[in-house]
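**Student:** Handing you a structure now.
Please treat every number below as a calculation from the coordinates, not as lab data. Predicted, not measured: the structure shown is a model, and the values here were computed from it. All Cβ positions, even for glycine, are placed from backbone atoms using ideal geometry, and neighbour counts span all protein chains on display.
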Amino acid sequence: MKNVADYFEELVKIQAPSGQEEQLIEHLAEFCQTKGLSITYKGRAGLLIQLPATAEGFPPLLFNAHLDHHTNDSIPEPIFENGYYHSIGGQLGADCKVSLAAMLRSIDCLLTDNMPHGVVEWLLTTREEEGLVGAKLFDKQLITSSFGYTLDAPGRVGGYLMNSETHVTVSVDYLQEVTAESLPLTRVLRAAIHRIRHLHLSDKLTFMIDRYQVEQQQNGSEALQVWSHLQAEKNVADVLQELEEIKRCFYEAGSQYGARVDIQVHVTYPGFQITKEHAAFRLFQKAARNVGIATKPVKEEGGSDANILNEAGITTILLAAGYEAPHKPDERVSVAELEHLVELILALITCSRGISIPAVFQK
């Protein structure tokens, strides 16, 4: 039977940049067929694999990772030295192949050692690096678990993230016919910014104008495009409510100077907050203690599939998977961390018997 390092070496050889995960999906589907596993979903959003329960009293559990990896368009040459895997040339892809390897090894152990467990679901998504696309496309109603874990944060196994900000992008387009009386559109933008600064926005909310661009069009009109974003430790509904006040400032400034206004809003990822009373966290702490893994909260910028799953009502804690320096030439992971991740996954599964699931989820 392969160990987790064998699986990792195998997966690193399969290139799967965002939007090109087909070969990896087929490889994993073949693994499922060999092991007699049920594939609940296989498609453009990724894979949902289900391991049926072998005993009663266990809640269904979800484990999530993404299939794609960041790339610099060079083929990685994995090297193992001093207990670590790293790569020459292309990026290693430890984010998220470490998690995939640990999942495959965990499945092997569950099947070979006849460990009692409940239903275990493995959601593997596509195009995560492009903006959590696979998780957004996936039909979450196919998932039977009410809680689970996304294995997609850097750092030592035992790290966890219980909350995440909402992130929203806002694109504003101003357009005006240029006349002798018209003022530059940058003046309109300044007027909008002046209004925004006088809003009483929440302390937990940050609005930033990233850049803007002015263009003189051939028909004699002037266009100005503004790219901005908003992030807050609040749920989507509350963020969008405050965003309406910001939009009003852009509209009023345009109206004042006779410019047409078009505003486009896109929720990059919704925020979430999970309480320490939830079963997902209590189980995580119990499992980590059982295998001697120290736990600590971590801070991670950006979103993950956990944001999308939490918004869908599936309480999902983001866990560190053991790799270091993701998306960088010196990305690496140790065999020890690979093995710790397998130990934690198995402990989460086998320690879950009888755990209660209170309804304390908060977005």
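**Student:** Given the -39500 (n - 2.57) contribution per DSSP H run of 4+ residues, what per-residue ellipticity at 222 nm results for the chain, rounded to the nearest 500 deg cm²/dmol?
**Tutor:** -10000 deg cm²/dmol
**Student:** Taking 8 Å as the Cα distance limit and 6 or more residues as the minimum spacing, I'd like the relative contact order of segment 264-353 as a percentage.
**Tutor:** 34 percent
**Student:** Full extension from residue 225 to residue 200: what is 0.36 nm times the residue separation minus their Cα-Cα distance, to one decimal in nm?
**Tutor:** 6.5 nm
**Student:** What is the pair-distance distribution P(r) of segment 166-269, computed from all Cα-Cα distances in 5 Å bins starting at 0, with each bin given as a whole percent?
**Tutor:** 2, 12, 24, 23, 16, 11, 6, 3, 1, 0
**Student:** With both bridge residues required to lie in the chain, what share of the DSSP beta bridges run antiparallel, to the nearest 5%?
**Tutor:** 75 percent
**Student:** Percent of alpha carbon pairs in segment 3-106 separated by more than 25 Å?
**Tutor:** Counting every Cα pair in segment 3-106, those more than 25 Å apart make up 24 percent.
**Student:** Further question: So how tilted is helix 335-350 from the main axis of the chain? Cα-based, degrees 0 to 90, rounded to 10.
**Tutor:** Result, in degrees: 80.
**Student:** Relative to the longest principal axis of the chain, what angle (0 to 90°, nearest 10) does the C-alpha long axis of helix 22-35 take?
**Tutor:** The answer is roughly 30 degrees.
**Student:** Moving on to the next point. Treating the angle as unsigned and between 0 and 90°, give the value, to the nearest 10°, between the Cα long axis of helix 94-112 and the longest Cα principal axis of the chain.
**Tutor:** Helix 94-112 sits roughly 30 degrees off the main axis of the chain.
**Student:** Could the peptides 319-325, 305-311 be put in order, highest first, of the mean number of other beta-carbon atoms found within 10 Å of their residues?
**Tutor:** 305-311, 319-325
**Student:** What Rg and what Dmax come out for the chain when only alpha-carbon atoms are used, in angstroms?
**Tutor:** That works out to 23.6, 82 Å for Rg and Dmax.
**Student:** How much length is gained if the chain between residue 301 and residue 262 is pulled fully straight, taking 0.36 nm per residue apart and subtracting their Cα-Cα distance, in nm to one decimal?
**Tutor:** Stretched out fully, the residue 301 to residue 262 stretch lengthens by 11.1 nm.
**Student:** With an 8 Å Cα cut-off and a minimum separation of 6 or more residues, compute the relative contact order for the chain in percent.
**Tutor:** Across the chain, relative contact order equals 25 percent.
**Student:** Work out the FRET efficiency for residue 1 and residue 144 from their Cβ-Cβ distance, taking R0 = 35 Å, and round it to the nearest 0.05.
**Tutor:** E between residue 1 and residue 144, to the nearest 0.05, is 0.80.
**Student:** Calculate the all-directions average of the projected area of segment 59-113's alpha-carbon convex hull, and give it in nm².
**Tutor:** Approximately 5.4 nm², given one-decimal rounding.
**Student:** Now for a separate question. Between residue 212 and residue 42, what is the label-to-label distance in nm when each label sits 7 Å out along the Cα-to-Cβ direction?
**Tutor:** 5.2 nm
**Student:** Okay, moving on. Applying a 10 Å radius around every beta-carbon, put 190-200, 336-346, 260-270 in order of their mean neighbour count, most first.
**Tutor:** 336-346, 260-270, 190-200
**Student:** If I take every Cα pair under 8 Å that is 6 or more residues apart in segment 1-122, average their sequence separation and divide by the length, what percent do I get for the relative contact order?
**Tutor:** 35 percent
**Student:** Please give the length that would be gained between residue 277 and residue 328 if that part of the chain were fully extended, namely 0.36 nm times their separation in residues minus their C-alpha to C-alpha distance (nm, one decimal).
**Tutor:** 14.7 nm
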